[in-house]
Amino acid sequence: MTGHFTAAVSLFLLGIGGRILNNYYDQIINENIVLTLFMFVGFFLLRMVVSIFTREYVSNSKIRYTIRKSFSIGLIAILSIVLLQIWVKDPQSLLVAYGLIAAGVAVSLQDIFKNFAGGIALLTSGMYRVGNRISISEHEGDVIDIGLFYTTLLEVGNWVDGDQSTGRIITVPNGVVLSGMVHNYSRDHHYLWDEIALPITYTSDLDTAVEILSEIAGLHTNQFTEGAKRSIGHMEQRYYVSERTMQPSVYVRATDNWVMLTVRYVVRVRERRQVMSDITKDILGRLRVVDNVTVASETVDIVGFPEKD
């Protein structure tokens, strides 16, 4: 019912506006059509020239993309202003007609306007940029394009473990940013805290196990520590950020079956899976040569069977 009502209102407003414009544009000037075609041809030629120039002389892909996108948006804005001046000779007399048409279009194309508003918000606020890894609208991926209406992601995760790419391209409407949450992994801080859990038996030497985990995690993550500290320092200039530990830490928790050790460390966003694999391999390799630490596993003890009658 709501959809039919919306369509009726849109058609009514567009019809009234169309009648007014029809009276105003009884005699369309051919010069305006020629000028309009000329403007569109010039627009596409300039885009082609910029594309060829950046491809030949700009080697950095991110800078090349930024130049092309900024130039395209600027050209669209200029083209819109010039076309408005070409076709609207007396804006005051057409104010009512364009107001009615704008209202009809806004009702019927509200999603498109919402996406456009979201695109403007992204361009002005920098909520995320090309190259950032984000999670938005239940999708996660690397931003490869930000348009006026849609954001394009190279998907990460899903059926692939370890925050690695699936190869799928996801198109997300920009309007989502106006009402939903956006998780950005790499806008102001390019590091994450990751953890590896290891169960050991109660008969194991706890101090030795903790020392092994801490030492190996430190060897693989020392290269990230200074960078993470600088990154946190930059964040403190914009946000309230409490003190964080950058050195690897090992936490101990007792369970019914084993002692759970969890090593926590800092790693760069896109290196999480590889670093986790390297640390795990070295920990298991070290435990094979020590006698006083045993990795625990879930076991079931059968104490007896019911006797048959």
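The values are calculated or read from the model by the stated rules, or taken from the named source; none is laboratory data. Since this is a predicted model, take the numbers as computed values, not measurements. With ideal geometry, Cβ positions are generated from the backbone for all residues, glycine too; neighbour counts draw on all protein chains shown.
The set of residues in the stretch 255-270 being surrounded by fewer than 19 Cβ atoms within 10 Å (Cβ to Cβ) and within 23 Å of the chain's Cα centre (by Cα) consists of R268, V269, R270. For the stretch 181-196, does any single residue satisfy the condition of being surrounded by 14 or more Cβ atoms within 10 Å (Cβ to Cβ), assigned to a strand (DSSP E or B) and touching an Asp or Glu at 6+ places or on another chain (Cβ under 6 Å)? No, that holds for no residue.
Within the stretch 237-251, the presence of at least one residue that is in contact with a helix residue (DSSP H, G or I) (Cβ under 9 Å, 6 or more places away or on another chain) and either within 23 Å of L122 (Cα to Cα) or not in a loop (DSSP other than H, G, I, E, B) (or both) is confirmed. Considered as a group, the residues in the stretch 170-180 that are in contact with a strand residue (DSSP E or B) (Cβ under 9 Å, 6 or more places away or on another chain) and assigned to a loop (DSSP other than H, G, I, E, B) include one that is farthest from E236 (Cα to Cα), and that residue is N174. Answer yes if at least one residue in the stretch 252-262 is closer than 27 Å to G141 by Cα, not assigned by TED's automatic domain parsing to the domain that holds G131 and not hydrophobic (A, V, I, L, M, F, W, C), and no otherwise. Within the stretch 252-262, not a single residue is closer than 27 Å to G141 by Cα, not assigned by TED's automatic domain parsing to the domain that holds G131 and not hydrophobic (A, V, I, L, M, F, W, C). Residues that are closer than 18 Å to T208 by Cβ and of a type outside the set (A, V, I, L, M, F, W, C) were ranked within the stretch 240-254; the one that is nearest to the chain's Cα centre (by Cα) is P248. Scanning the stretch 144-160 for residues that are at negative phi and not hydrophobic (A, V, I, L, M, F, W, C), we see that the one that is surrounded by the most Cβ atoms within 10 Å (Cβ to Cβ) is T151.
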